[in-house]
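Novice: Pasting a structure here, questions to come.
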Amino acid sequence: MPQTADDVVLRVRGLTKKYPGVTALDGVDFDLAAGEVHVLFGENGAGKSTLISMLSGAQHSDGGIIEVKGEEVALTSVAAARDLGISAVFQEFSLAPAMTVADNLSMGSEPGSLGLVDRAAVRRIAQARLDQFGFDISPSRLVETLSRAEQQMVEIAKAFRPELNVLILDEPTASLTDHEASRLFSLVEQTKAQGIGVIYITHRMAEIARLADRVTVLRDGKLVATVPGSTEHDELIALMTGRAVEDLYPTLPEPGTEVSLRVHGTTTYDSSVRDATFEVRAGEIVGFAGLMGSGKSSAARACFGLERLASGSITLDGQELAGRNSSRFMKAGIVYLPSDRKKEGLFLNRPMRESVTLPWLRRSTMSDGPILRLGRERAAATSIMTRMKLSPPDPERPAASYSGGNQQKGLLGRALLGDCKVYIFDEPSVGVDVGARVTIYEQIVDLARRGNAVLIVSSELPEILHLCHRAYVFSQGAITAELSKNELTEEAVLRHMMQWDDVDRDQAPKGTNTVEQPHATAISSEETA
């Protein structure tokens, strides 16, 4: 899209941001045209979040110029940016949990007079805003009662202000179903038609193909290139990572034959899983595929004692574990990593060292009896962080200060430190860029190569197709298929995801979404075949 002075709504020149020992953004140039979707593409830690945080007024730059509609501006705060028509929706929500949806949508611009807020007007305006986007959420609900997807919708509605010139969306579909994401795409296209410029961050190639007019690629805080949105996916990935797509997935080792984990006839107390039977062999990677709410995650959590069982058995090397708590599962040699690293995985405000080592502090390498040897613990954490290629591998750095990809690698490092028999990974690459995926996939395959049993729960079809020896497909709480390696195709997995054989739709587990489609993938199976 050719740019003229009249087209450009936002322009930055030489934008720089430095932290102690790290240059997060190094002299980056960027511009955004009115009515354009400009995608920022890069690995976690490439500088994308730093750039948009400065454009939204959340952080101050250490150098460079920002212009809005041709005039140099100082974005000293989020309020200052909003006054200039710049609004952002970040991955980390900015909603007040104890307030209603209506109050959050009107915060800072409440209608009223003489110092009194017109509550009826607040609700009316909020309802109109939600209706505009087709979001089925009551404005009187407290934000803390909303699901993450619903909170994402409120954040999006909050960002659309009458004076909007620039809309910034940071991984906006991460918590949305395909139906909700489709509605968002329509909103983005409507926004373009209104002459509003959109800065869009995503790792999902399908979203780039659908929405992007241009793509700016960042790597290590530097501008690599700005290319048309129609640029081939392989070229975009090569620009971002410096490696070809075919190098993404490691070669799988030959699977073993001895069964490590066997689950038979398992039904959870809430019926989210019904009569599930499956097994994972030593040296084998097994995948769980299915739609959100299909039972795949619940089945994996049951294998670590996190789901209460109504019936069935779970054995590790012949030892019965059903009915025991997660600590007993861990002692037996099973480790589980949750899908939500922020809520269940990491101590965000504590040093990354603690998130990595906590389950294993009684190991002799880190303690002498009841006495913790901090130096040994720090050395163990540093070693595993280096192995996982965290940048920087600083065990004392707070977990929250790392990018999403580095946080996920740190979480995986905690599992590797345990030296267990069975590893269960629930959405191991969620919110992670291609570069971090390579590291994660290499470590997962290496576990199988060492003779461990690995179970992967994934909504990303390419992971199931390329990273697993076998896969079980879940639908409505039941296993609808077991697919061997030569049977693992996208068509087969999708067909069994939608299969209703022997599954009564009326008896589906409470809260199951029966219409949701599989998550959009970061890289489609055709691209990685």
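Novice: Testing ASP270 on (1) in a helix (DSSP H, G or I); (2) in contact with a Lys or Arg (Cβ under 9 Å, 6 or more places away or on another chain), one condition comes back false. Which one is that?
Specialist: (1)
Novice: Out of the range 283-310, which residues are more than 23 Å from HIS496 (Cα to Cα) and out of contact with any helix residue (DSSP H, G or I) (no Cβ under 9 Å at 6 or more places or on another chain)?
Specialist: Initial filter on the range 283-310 (more than 23 Å from HIS496 (Cα to Cα)): 283, 304-310.
Result: ALA310, single match.
Novice: May I ask you to verify whether THR268 is touching a helix residue (DSSP H, G or I) at 6+ places or on another chain (Cβ under 7 Å) and farther than 17 Å from LEU40 by Cβ?
Specialist: On the way: touching a helix residue (DSSP H, G or I) at 6+ places or on another chain (Cβ under 7 Å): yes; farther than 17 Å from LEU40 by Cβ: yes.
When the stated conditions are applied, THR268 passes them.
Novice: Considering only residues that are over 14 Å from LEU337 (Cβ atoms) and touching a strand residue (DSSP E or B) at 6+ places or on another chain (Cβ under 8 Å), which ones fall in the range 400-434?
Specialist: LYS421
Novice: Still on this structure: Quick one: which of GLU144, GLU189, GLU163 is in a loop (DSSP other than H, G, I, E, B) and exposed (fewer than 15 other Cβ atoms within 10 Å of the Cβ)?
Specialist: Numbers: GLU144 fails: in a loop (DSSP other than H, G, I, E, B); GLU189 fails: in a loop (DSSP other than H, G, I, E, B).
Exactly one of GLU144, GLU189, GLU163 is in a loop (DSSP other than H, G, I, E, B) and exposed (fewer than 15 other Cβ atoms within 10 Å of the Cβ), namely GLU163.
Novice: Being over 25 Å from ALA174 (Cβ atoms), assigned by TED's automatic domain parsing to the domain that holds PRO172 and either polar (S, T, N, Q) or not in a helix (DSSP H, G or I) (or both): is that true of ALA121 here? Steps first, answer last, please.
Specialist: Numbers: over 25 Å from ALA174 (Cβ atoms): yes; assigned by TED's automatic domain parsing to the domain that holds PRO172: yes; either polar (S, T, N, Q) or not in a helix (DSSP H, G or I) (or both): no.
Answer is no for this residue.
Novice: Kindly establish whether ALA212 is among the small types (Gly, Ala, Ser) and in contact (Cβ under 8 Å) with a residue 24 or more places away in the chain. Break it down into steps so the answer makes sense when it comes.
Specialist: Numbers: among the small types (Gly, Ala, Ser): yes; in contact (Cβ under 8 Å) with a residue 24 or more places away in the chain: yes.
Taking the combined requirement at face value, the residue satisfies it.
Novice: Considering each of GLN151, GLN132 in turn, give the residue that is part of a helix (DSSP H, G or I), over 30 Å from GLY435 (Cβ atoms) and not small (Gly, Ala, Ser).
Specialist: Values: GLN151 fails: over 30 Å from GLY435 (Cβ atoms).
Only one candidate passes the filter, namely GLN132.
Novice: Please enumerate the residues belonging to the range 171-193 that are within 19 Å of GLU427 (Cα to Cα), touching a helix residue (DSSP H, G or I) at 6+ places or on another chain (Cβ under 8 Å) and not aliphatic (A, V, I, L, M).
Specialist: PRO172, THR173, SER175, THR177, listed by residue number.
Novice: Please work out which one of (1) closer than 23 Å to ALA492 by Cα; (2) surrounded by fewer than 18 Cβ atoms within 10 Å (Cβ to Cβ); (3) assigned by TED's automatic domain parsing to the domain that holds VAL454 is the condition THR251 fails and give its number.
Specialist: That leaves (3) as the condition not met.
Novice: Confirm whether GLY57 is touching a Ser or Thr at 6+ places or on another chain (Cβ under 7 Å), assigned to a strand (DSSP E or B) and among the small types (Gly, Ala, Ser). Spell out how you get there, then give the answer.
Specialist: Details: touching a Ser or Thr at 6+ places or on another chain (Cβ under 7 Å): yes; assigned to a strand (DSSP E or B): no; among the small types (Gly, Ala, Ser): yes.
In short, no.
Novice: While we're on this one: Give the residues of the range 36-52 that are part of a strand (DSSP E or B) and either more than 16 Å from the chain's Cα centre (by Cα) or at pLDDT 95 or above (or both), sorted by residue number. Step through it out loud before you land on a result.
Specialist: Taking the range 36-52 as the starting set, the residues that turn out to be part of a strand (DSSP E or B) are 37-41.
Passing the criteria: VAL37, HIS38, VAL39, LEU40.
Novice: Pick from the range 103-141 the residues that are surrounded by fewer than 19 Cβ atoms within 10 Å (Cβ to Cβ) and among the hydroxyl-bearing types (Ser, Thr, Tyr): which of them is farthest from SER339 (Cα to Cα)?
Specialist: SER113
The values are calculated or read from the model by the stated rules, or taken from the named source; none is laboratory data. Remember, predicted model here, so these are calculated numbers, not experimental data. A quick note on method: Cβ atoms are made from the backbone with ideal geometry, for glycine too, and the neighbour counts reach across all protein chains shown.
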